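Undergrad: Handing you this structure, nothing more for now.
The values are calculated or read from the model by the stated rules, or taken from the named source; none is laboratory data. What you see is a predicted model; the values in this text were computed from it and never measured. Cβ sites come from the backbone with ideal geometry, for glycine too, and all protein chains shown count toward neighbours. Each accessible area value is taken on the protein alone, full model and side chains, heavy atoms only, with ligands, DNA and RNA left out. Shrake-Rupley method; radii C 1.70, N 1.55, O 1.52, S 1.80 Å.
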Amino acid sequence: MPKALDSSTPSTRFLIVMRHAKSDWSDVSLSDHDRPLNERGCRDAPRMGGWLHEIGMVPDLVLSSTSQRTRETVDLMKTAWGSDVEVSYADSLYLATPEAIVRTIQGDGCGAERLMVLAHNPGVTHFVSKLAGQSVDMPTAAIAVFQVEKNDWSRFALGGPAKLIHFMRPK
């Protein structure tokens, strides 16, 4: 369970936003939701998990889309974290709009100090760009880390203060 914070005073929290690693398009019989990662995606996901570990941003809680490629991405990232990270899968994050991402964070963010959202484009790029106040390209496996001053995630909003403090793409 994520570490709970005192909800009466604002505290620094971190929002980690990631687009899933590269998926495999070779089997045309699979639905979009069921596409797995390709070789590059299987290589990039643990590398990006390792980067989060190096910068001290291993999440307390991951909110992930239910797609096969997001499930595989988080499973491969967890191998680099060396700790048991709670993962919650949400249908609302599959091909989500920025507004749907906000609602998921508000409803499911709990008391996490470091909350990760793992979802899809175009919603992830639009969400990160709005939160950063500038255009941010989110290729597959890219991660943006924001510092957010909130006493709980239920009050999170795109217009609220957030500072982009880290950005990494696998290449």
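Undergrad: How about the range 97-109: which of its residues are assigned to a loop (DSSP other than H, G, I, E, B) and either at positive phi or open to solvent by less than 10 Å² (accessible area, probe 1.4 Å) (or both)?
TA: Gly109 - this is the single residue of the range 97-109 that is assigned to a loop (DSSP other than H, G, I, E, B) and either at positive phi or open to solvent by less than 10 Å² (accessible area, probe 1.4 Å) (or both).
Undergrad: Tally up the residues in the range 68-82 that are open to solvent by 40 Å² or more (accessible area, probe 1.4 Å) and either in a strand (DSSP E or B) or of a type in the set (S, T, N, Q) (or both), please.
TA: 2
Undergrad: Against the definition (of a type in the set (Asp, Glu) and under 20 Å from Ala142 (Cβ atoms)), how does Glu54 come out, yes or no?
TA: Spelling it out, Glu54 is indeed of a type in the set (Asp, Glu) and under 20 Å from Ala142 (Cβ atoms).
Undergrad: How about the range 39-67: which of its residues are outside any helix (DSSP H, G or I) and either within 15 Å of the chain's Cα centre (by Cα) or in contact (Cβ under 8 Å) with a residue 24 or more places away in the chain (or both)?
TA: Ile55, Met57, Val58, Pro59, Asp60, Leu61, Val62, Leu63, Ser64, Ser65, Thr66, Ser67
Undergrad: Restricting to the range 141-171, what's the tally of residues that are part of a strand (DSSP E or B) and either open to solvent by less than 10 Å² (accessible area, probe 1.4 Å) or of a type in the set (Lys, Arg) (or both)?
TA: Looking only at that region, the number is 7.
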